[in-house]
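The values are calculated or read from the model by the stated rules, or taken from the named source; none is laboratory data. Model, not experiment: these values are computed from the prediction. Neighbour counts run over all protein chains shown; Cβ positions are idealised from the backbone, glycine included. Heavy atoms of the whole protein, side chains included, go into the accessibility calculation; ligands, DNA and RNA do not. Shrake-Rupley method; radii C 1.70, N 1.55, O 1.52, S 1.80 Å.
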Amino acid sequence: MQEPPKITRRSLLGGSLALAGATAAGCAIPVGLGSAQTRVQYWHFLGASDGIIMNKMVTAFAKDNPNIFVEENVLAWGEPYYTKIAMAGSGGRSPDLATFHLARLAGIGAGAILDPINVKLLEEVGLRAADFSPPIWERAHLDGVLYAIPFDAHPMVQYYNTDICGRAGLLGSDGKLLPTRSQDELLAMLRKAKEALGGKPPLVFDALGLGTVGPWRVWYSLYPQSGGTLLSDDGTTITIDDQKALQALRLMAQLGKEGLCDPRTDYGASVASFTNGQSAFLWNGDWETTGLKERKTPFSMSRFPSVFGTGAAQADCHSFVLPHQRDRDPEVERATYQFIAYLVKNSADWAVAGHVPAYLPALEEPGYLALQPQSEYRSVITEVALDPQVWFAGSASRMWIEIGEAFSPVISGERTPEEGLAAAKASLNRLLSAPNPFPDQER
């Protein structure tokens, strides 16, 4: 494995500007195409430090494989990206490869907009089902057909300020945060941190704002810990266990009522508060790691707190898919699988950005284990709480936004947990009754 990419302030800022320009234009990052090279067109939405690291990996692949040219196209994140994938796939004139959120798989028309993975070619490049996190590998299938190759999981994690937690007596002799194993232990930890902060809320997360999804992500980390589910396996019926759902919502309400979290922070404000040492804990996805290091915040990371039984944490996964092509060139197809295998087998390099490799051998590599604090929460890879396989789920989806809006007032005390749960169920019922934009797909 290659050494992890070196991220400096200059390269981060310079790379971010270059990627921002490429994203705005929806254009390719040029590397140079020789006449004898096989070209692989690759679309992704990765920006900032994610985009810099991916570009470094693409460049490294080019050096090792001079006969293959990867044309890296950076597009806007979110709905615009998936709309372009859908349009390209429906026309059969797609890129050879695309990065994809795994939770979006059921909502994109697999079998019509995405082509199945060629398992034989996958095995030829050295990738086997047994090498991947079982729940993530299972979720890469629809109706028993493999449509995605998992790359990582980006779970909810707990960032903690080591200086503040040290003053509060929350660190062990090894300098790491003492774990919590119950609701009482979590509340006790937060109360000590609040005292060390002179009464300020010790915890921040994305709790408020237009299109907020933080309350959904917190609730869907807490609720599955007790074994709660959202929908039936066929995605047609709400299966929420009211008692378990309310248990999680009541804890979220208590955090706001006691001043243990700040219910007024949106995404940017929560990150800024933690970055500037105004809070002791940040609950967020693992992707803020590089930025916090760049700004020299004294921090480390741990798994999302275990409160209601297991250590489950809400997560989505980056994966690789093959947008539909009418006639896939065999030479380009083999080159595409070579490129996928290179990225997956070197996913310890990708983990610099904070994400947990879905490829299990990478989790044991010395280079990955040396990454701090990225390797501290690697064990979550088999306990990720993934979205149900329905068309309206996934990153930037209506489900995330609507349930986030239902639960945000619970944290601020403007809505009871019971009212919040009723609003969430009403949203789910509306989404279940809405027409599937990809009905009766041939898979």
**Report entry** Options 197, 222, 210: the member that is among the aliphatic types (A, V, I, L, M) and over 25 Å from residue 162 (Cα atoms)
**Finding:** 210
Requested in this report: Inspect all residues belonging to segment 378-396 and state whether any of them is of a type in the set (Asp, Glu) and part of a helix (DSSP H, G or I).
Outcome: no
Report task. Say whether the condition of being open to solvent by less than 20 Å² (accessible area, probe 1.4 Å) and on the phi > 0 side of the Ramachandran plot is met by at least one residue in segment 98-121. Result -> yes
Report summary line: Of the residues in segment 186-210, those that are among the hydrophobic types (A, V, I, L, M, F, W, C) and either out of contact with any helix residue (DSSP H, G or I) (no Cβ under 8 Å at 6 or more places or on another chain) or part of a helix (DSSP H, G or I) (or both) come to 186, 187, 188, 189, 190, 193, 196, 210
Requested in this report: Collect the residues in segment 211-242 that are surrounded by fewer than 21 Cβ atoms within 10 Å (Cβ to Cβ) and part of a helix (DSSP H, G or I), keeping them in residue-number order.
Outcome: 226, 242
Requested in this report: May I ask you to verify whether residue 236 is among the polar types (S, T, N, Q), within 25 Å of residue 389 (Cβ to Cβ) and in contact (Cβ under 8 Å) with a residue 60 or more places away in the chain?
Outcome: yes
Query raised in the report: Are any of the residues in segment 401-412 open to solvent by 10 Å² or more (accessible area, probe 1.4 Å), in contact with a Lys or Arg (Cβ under 6 Å, 6 or more places away or on another chain) and more than 24 Å from residue 310 (Cα to Cα)?
Result: yes
Query raised in the report: Pairs, please: C-beta under 7 Å, at least 6 apart or cross-chain, first residue in contact (Cβ under 8 Å) with a residue 24 or more places away in the chain and in segment 389-418, second basic (Lys, Arg) and surrounded by fewer than 20 Cβ atoms within 10 Å (Cβ to Cβ)?
Result: 392/398; 413/257; 417/250
Report summary line: Counting only residues in segment 358-377 that are closer than 22 Å to residue 294 by Cα and not polar (S, T, N, Q), the one surrounded by the fewest Cβ atoms within 10 Å (Cβ to Cβ) is identified as 370
Query raised in the report: If the Cβ limit is 6 Å and pairs must be 6+ apart or interchain, which residue in segment 162-189 that is touching a residue at least 12 places away in the same chain (Cβ under 8 Å) pairs with which residue that is of a type in the set (A, V, I, L, M) and surrounded by fewer than 16 Cβ atoms within 10 Å (Cβ to Cβ)?
Result: 170/178
Query - Evaluation of residue 163 against (1) surrounded by fewer than 20 Cβ atoms within 10 Å (Cβ to Cβ); (2) under 29 Å from residue 319 (Cα atoms) (one fails), failing number - result: (2)
Report task. Go through (1) open to solvent by 10 Å² or more (accessible area, probe 1.4 Å); (2) touching an Asp or Glu at 6+ places or on another chain (Cβ under 9 Å) one by one and return the number of the condition residue 53 breaks. Result -> (1)
Report task. Would you mind telling me which numbered condition in (1) buried (at least 20 other Cβ atoms within 10 Å of the Cβ); (2) at pLDDT 85 or above; (3) within 24 Å of the chain's Cα centre (by Cα); (4) closer than 19 Å to residue 349 by Cβ residue 19 fails? Result -> (2)
Query raised in the report: Counting just the residues of segment 397-415 that are part of a helix (DSSP H, G or I) and of a type in the set (D, E, K, R), which one comes out nearest to residue 76 (Cα to Cα)?
Result: 398
Requested in this report: Report the residue count in segment 184-208 for those that are open to solvent by 40 Å² or more (accessible area, probe 1.4 Å) and within 25 Å of the chain's Cα centre (by Cα).
Outcome: 1
Report summary line: Going through segment 231-247 in order, the residues found to be among the β-branched types (Val, Ile, Thr) and in contact with a helix residue (DSSP H, G or I) (Cβ under 9 Å, 6 or more places away or on another chain) are 236, 237, 238, 240
Query raised in the report: Checking residue 395 against (1) over 16 Å from residue 220 (Cα atoms); (2) surrounded by 15 or more Cβ atoms within 10 Å (Cβ to Cβ); (3) among the hydroxyl-bearing types (Ser, Thr, Tyr), which test does it fail?
Result: (1)
Query raised in the report: With respect to residue 355, is the statement that it is of a type outside the set (A, V, I, L, M, F, W, C), within 30 Å of residue 88 (Cα to Cα) and either crowded, with 24+ Cβ neighbours inside 10 Å or free of Cβ contacts under 8 Å to residues at least 40 places away in the same chain (or both) true?
Result: yes
**Report entry** Condition check for residue 344: surrounded by 22 or more Cβ atoms within 10 Å (Cβ to Cβ), modelled with pLDDT under 95 and not acidic (Asp, Glu)
**Finding:** no
